[in-house]
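**Student:** Input: one structure, supplied below.
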């Protein structure tokens, strides 16, 4: 009976397959996801894995930092007077900026599968504020005809909200990457624990000194003390003179140690695949070069960020614009700063745009955050203007 109530609360029909508390399929209902290594992976311990923390922070902070604007489809003008513009470009509510809300909801989607924000409206249905909703308090459902709606648990009880009143950002399939990649993350945690235990309980000298001469305990301690004093710290690498038939043999890394180190690097690559982030963006630079790192940065924009930004602009349009406005207006994330290359390449691109008549001088100046010039609104090619024409 208790499990049936839980299933109902989570949106499962009572006519579906019955689950027992020992069934593996029931574990995700309670936020417990066991793995082959025996570890349960959740948001808290997954974020303690450096590669996961880096990937989540990289995606969410970048999406939050990119400005979003509202445009008119026909004129391409920025609609700064529209009520939605402030919510996506300025402040989502008095205590949260629009950028911070994007960052928070993206984190919710990466760790929990989806992030939600409630649209608070004025009496005339104008969107006024966006309030983040805790992931565990929102349940998505749908009508028989397929129209979605949301059940939100509040202190006053459960509230039903229309799909237009809940801004929803979800991961692929509505499943968090840390859930899909839980085996790789659990293996990374296991490697960390194994290394920490080995360093705590194990001891490995850098080398071995052997001799045919027998030494008592006091003699061995004195020899070790003198050896450390002569060949450690600033004296490291100094030549050693051995007496009484002594021999020194260095202890190098074993094959098992080398494979262990390679496996740890491979786990970073696995986690990068889970989040669709180029490994160099997670500071795994073993195969990184100047040229392929720059290319991977472009891939990060195309492969990683674009799908997220598309979801954000679609969600904004669905909740903040009326059906009529959606035909005439659109939201867009400005990625110019993200794709900006070096100054010389940027200047060359601007010059080509100017010569082709694609951009005016003032449009170029706006890209560089410079004030407009009185004569900068013409599309004429500046490279074909003659001195005679300038004199006239």
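**Student:** Say we look at the range 242-258 and pick out the residues that are exposed (fewer than 10 other Cβ atoms within 10 Å of the Cβ) and part of a helix (DSSP H, G or I); which of these is modelled with the highest pLDDT?
**Tutor:** 256
For (1) in the same structural domain as residue 275 (by TED's automatic domain parsing); (2) at pLDDT 95 or above; (3) not in a helix (DSSP H, G or I), each residue gets a yes or a no:
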{"position": "55", "(1), (2), (3)": "yes, no, no"}
{"position": "58", "(1), (2), (3)": "yes, no, no"}
{"position": "62", "(1), (2), (3)": "yes, no, no"}
{"position": "71", "(1), (2), (3)": "yes, no, yes"}
{"position": "75", "(1), (2), (3)": "yes, no, yes"}
{"position": "80", "(1), (2), (3)": "yes, no, yes"}
{"position": "88", "(1), (2), (3)": "yes, no, no"}
{"position": "100", "(1), (2), (3)": "yes, yes, no"}
{"position": "104", "(1), (2), (3)": "yes, yes, no"}
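**Student:** If you check residue 152 against the conditions, is it surrounded by 14 or more Cβ atoms within 10 Å (Cβ to Cβ), assigned to a strand (DSSP E or B), without any contact (Cβ under 8 Å) to a residue 40 or more places away in the chain and assigned by TED's automatic domain parsing to the domain that holds residue 90?
**Tutor:** Numbers: surrounded by 14 or more Cβ atoms within 10 Å (Cβ to Cβ): yes; assigned to a strand (DSSP E or B): yes; without any contact (Cβ under 8 Å) to a residue 40 or more places away in the chain: yes; assigned by TED's automatic domain parsing to the domain that holds residue 90: yes.
For residue 152, the condition - surrounded by 14 or more Cβ atoms within 10 Å (Cβ to Cβ), assigned to a strand (DSSP E or B), without any contact (Cβ under 8 Å) to a residue 40 or more places away in the chain and assigned by TED's automatic domain parsing to the domain that holds residue 90 - is met.
**Student:** Still on this structure, please answer the following. Look at residue 342 and say whether it is more than 30 Å from residue 177 (Cα to Cα), modelled with pLDDT of 90 or more, exposed (fewer than 14 other Cβ atoms within 10 Å of the Cβ) and more than 19 Å from the chain's Cα centre (by Cα).
**Tutor:** no
**Student:** Tell me the residue from 284, 295 that is on the phi < 0 side of the Ramachandran plot, at pLDDT below 85 and buried (at least 18 other Cβ atoms within 10 Å of the Cβ), please. Can you show your working first?
**Tutor:** Numbers: 295 fails: buried (at least 18 other Cβ atoms within 10 Å of the Cβ).
Step by step, each of 284, 295 is checked, and only 284 is on the phi < 0 side of the Ramachandran plot, at pLDDT below 85 and buried (at least 18 other Cβ atoms within 10 Å of the Cβ).
**Student:** May I pose another question? Would a scan of the range 37-52 turn up a residue that is touching a strand residue (DSSP E or B) at 6+ places or on another chain (Cβ under 9 Å) and surrounded by fewer than 20 Cβ atoms within 10 Å (Cβ to Cβ)?
**Tutor:** Yes, that holds for at least one residue.
**Student:** Are any of the residues in the range 133-144 in contact (Cβ under 8 Å) with a residue 40 or more places away in the chain, over 19 Å from residue 311 (Cβ atoms) and part of a loop (DSSP other than H, G, I, E, B)?
**Tutor:** No, that holds for no residue.
**Student:** Restricting attention to the range 113-127, report how many residues are more than 12 Å from residue 319 (Cβ to Cβ) and in a strand (DSSP E or B).
**Tutor:** Here the count works out to 2.
The values are calculated or read from the model by the stated rules, or taken from the named source; none is laboratory data. Since we're looking at a predicted model, the values are computed, not measured. We place every Cβ from the backbone using ideal geometry, glycine too, and count neighbours over all the protein chains shown.
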